[in-house]
Amino acid sequence: MSNKTITFKILRQDGPNQPSYWETFVIPYLPNSNVISCLMDIQKNPINAEGKKVRPVVWECNCLEEVCGTCTMVINGKTRQSCSALIDKLMQPITLQPLSKFPVVRDLAVDRSRMFEALKRVKAWVPMDGYHDLGPGDKILPDHQGVAYKLSECMTCGCCVEACPQYSRDNNFLGAAAISQARLFNMHPTGKLIANERLDTLMDDGGIAACGNAQNCVEVCPKSIPLTESIAEMGRQSSKRFWKTLFQI
Amino acid sequence: MVPRDVGAREIYDICVNQGLGVHGDMKVYLDLTHHSREFLDRRLGGILEIYEKFTGVDPREEPMEIFPAVHYSMGGIWTDYTRTADGFIDHQSPRNQMTSMEGLYAAGEADYQYHGANRLGANSLLSCIYTGLMMGPGVVNYIKNQKESAADLPSSLFEQAQQQWQEKFTGIKQMKGKENPYKLHAELSETMMSNVLIVRDNARLAATVEKIDEYDERWKDVECVDTSDWTNPVPSFVNQLYNMIQLSKVIAKGALLRDEFRGAHYKPEFEINQPSDFKPESFLEYTKLKADGGLKQDSFKPDHLEYMRLYEESNEKWLKSSIATFNGKGPDISYEAVDTSLIQPRPRKYD
């Protein structure tokens, strides 16, 4: 057993609208740890650095392989998933904070409903009705699939909007993730049946015009989704729709 | 390509029995480097990126280090279906996907139906499409056949249920024992991983069943380490831990009672060795000859005949789903024959 330890400084909050406070935990070092495995170790022995028994830290996680996005938090000042945040690659003390753009539920758990609402606003789905046999769908070419696959990797984790200077708690900006999903479903052979409805949302308040082109989103996206390309592409589609509507063609 | 249980067993053999794991650890190489980067990125992009991110090694350049892990439970909640006269499934039946509790349905990965003794790749997609198609119309028909709706029932019924759960959670919050629930959970999973996973041995399974009974006792001495009322995951976890202990009993006892193996969980004690030149189709010929009364000692090579006899015997006894029923203390295990009316089972073979 080595004497190596890992020190965490965690911004905690007992509930919404409660004051937040920092708490330090020092736990034994284990090789190949990540932030979640350490939070689990704290659960097994919830004692803070002052030796006081406290409530275990609350956070959310699910897949543990960076495909669900649930465990996103701000780690050493950077928004990312805690499952793939490897301890050996982090400076200590490791600071953990909840995402700042969403209401805190408790400790590191936040309410990301706004992102889900944004997906609903842009109708991020393929419209289908009934379960009867509709026959084979349209063929999708490999080039098209390559672009769509990348866009489909979005896990609504919230990194892009956390890093975005235009996305704030007091506006209604859709954010890069939802704009990129509008692009994905506008590409889909069946999804494009309601492409114009998506574009109308993007041209409305809180839509594409709210983007300030800071390009932080693409910088922090854990899945390297070309978010700025998506925003540009949706800008092009929106402009086209605008002129076509104006001249009624 | 081999099914995941065969692959898992081979890796286990190399690491555990032969002690030949990479760097002496529990891992082997999975090499994809003979494929081009473009091909790998197109076909396996997401998963390779995850590997790269978690290990810092590019799997397109260097072989990956891997070991089998638990991914899926092949068992699940018992569900029903209704047959049509010609042996297929009645798509409109309200019984489709209904559990042993009337009106409660289970679908997709939650039910027990598709995997039998092995779970094949992409079957989660199969399960959600199949049960969606089977259950959707059935549920609609079930609702149509109801004389009364939930709103017509006395509110006391719901209040009672609510009270029952509130009392349960109040009880959990008052637990002030010595055991940390998360530590107990880690012990339970360690026990299950080392004894009930890839290779199973009856003596160790029997010891595991006893060990789980100990965890059941220790659960009563758990401390609910957070008793606050807002977004507190601890009481739910303590409650789930109890259920996990019960489910572990089901898995371990079911495994112990099954003196054979088929598919995922290997029991070396009960291996029936398949002759290397055996062809699975011979078994269909064998059963046909047997049914017609034309099976002779020299119809097949002696070792083939012996293998098929053992295979048939094993199927008669064990081609069944284990069903666990909770008796208030633990599981009682009974068996339900697998429906083979449409496709006759035959031995599997991978060269």
Q) Do any residues in the stretch A:215-239 that are within 9 Å of A:SER180 (Cα to Cα) have Cβ atoms under 8 Å from those of residues that are of a type in the set (D, E, K, R) and modelled with pLDDT under 95, where the two are at least six apart or on different chains, and which pairs are they? A) A:ILE225/A:LYS150; A:ILE225/A:GLU153; A:PRO226/A:LYS150
**Q.** Single residue of the stretch B:125-137 satisfying the filter (of a type outside the set (Ser, Thr, Tyr) and more than 12 Å from every other protein chain (Cβ to nearest Cβ)) that is most open to solvent (accessible area, probe 1.4 Å)
**A.** B:LEU125
Q | Selection from the stretch B:287-302 of residues that are in contact with a Leu (Cβ under 7 Å, 6 or more places away or on another chain) and in contact (Cβ under 8 Å) with a residue 12 or more places away in the chain | A | B:SER299
**Q.** Filter result (in contact (Cβ under 8 Å) with a residue 40 or more places away in the chain, away from chain B (no Cβ under 14 Å) and in a loop (DSSP other than H, G, I, E, B)) within the stretch A:61-101
**A.** A:GLN92, A:PRO93, A:LEU99, A:SER100, A:LYS101
(Q) With over 26 Å from A:CYS160 (Cβ atoms) and surrounded by 16 or more Cβ atoms within 10 Å (Cβ to Cβ) as the only criterion, which of A:PRO19, A:PRO28, A:PRO56 stands out? (A) A:PRO56
Q: Filter the stretch A:162-191 for residues that are modelled with pLDDT under 95 and assigned to a helix (DSSP H, G or I) and give the result.
A: A:GLY191
Q: Residue by residue through the stretch B:228-244, note down the ones that are more than 7 Å from chain A (Cβ to nearest Cβ), in contact with a strand residue (DSSP E or B) (Cβ under 9 Å, 6 or more places away or on another chain) and outside any helix (DSSP H, G or I).
A: B:ASN232
Q | Checklist (1) without any contact (Cβ under 8 Å) to a residue 60 or more places away in the chain; (2) out of contact with any helix residue (DSSP H, G or I) (no Cβ under 9 Å at 6 or more places or on another chain); (3) away from chain B (no Cβ under 14 Å) applied to A:LEU134, failing item | A | (3)
Q: Pull up the stretch A:180-234, narrow it to residues that are aliphatic (A, V, I, L, M) and in contact with a Pro (Cβ under 8 Å, 6 or more places away or on another chain), then point me to the one that is farthest from A:LYS78 (Cα to Cα).
A: A:LEU193
(Q) Residue under question is A:LYS120, and the condition is that it be closer than 29 Å to A:ILE225 by Cβ and in a loop (DSSP other than H, G, I, E, B); does it hold? (A) no
Q.
Please verify whether B:ALA8 is open to solvent by less than 50 Å² (accessible area, probe 1.4 Å) and within 14 Å of chain A (Cβ to nearest Cβ), treating the condition exactly as stated.
A. no
Q) Could you list, in sequence order, the residues of the stretch B:186-202 that are in contact (Cβ under 8 Å) with a residue 12 or more places away in the chain and outside any loop (DSSP other than H, G, I, E, B)? A) B:GLU187, B:LEU188, B:THR191, B:MET192, B:MET193, B:ASN195, B:VAL199, B:ASN202
Q: List the number of the failed condition for B:HIS115; all other conditions in (1) in contact with a helix residue (DSSP H, G or I) (Cβ under 6 Å, 6 or more places away or on another chain); (2) more than 14 Å from chain A (Cβ to nearest Cβ); (3) assigned to a loop (DSSP other than H, G, I, E, B); (4) surrounded by 16 or more Cβ atoms within 10 Å (Cβ to Cβ) hold.
A: (1)
**Q.** Hits in the stretch A:147-156 (condition: at pLDDT 95 or above, within 14 Å of chain B (Cβ to nearest Cβ) and not in a helix (DSSP H, G or I))
**A.** A:CYS154, A:MET155
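The values are calculated or read from the model by the stated rules, or taken from the named source; none is laboratory data. Since the model is a prediction, treat every value here as computed from it, not as a measurement. Glycine gets a Cβ as well: all are built from the backbone with ideal geometry, and neighbour counts include every protein chain shown. SASA here: full protein model, heavy atoms, side chains in, ligands and nucleic acids out. Shrake-Rupley method; radii C 1.70, N 1.55, O 1.52, S 1.80 Å.
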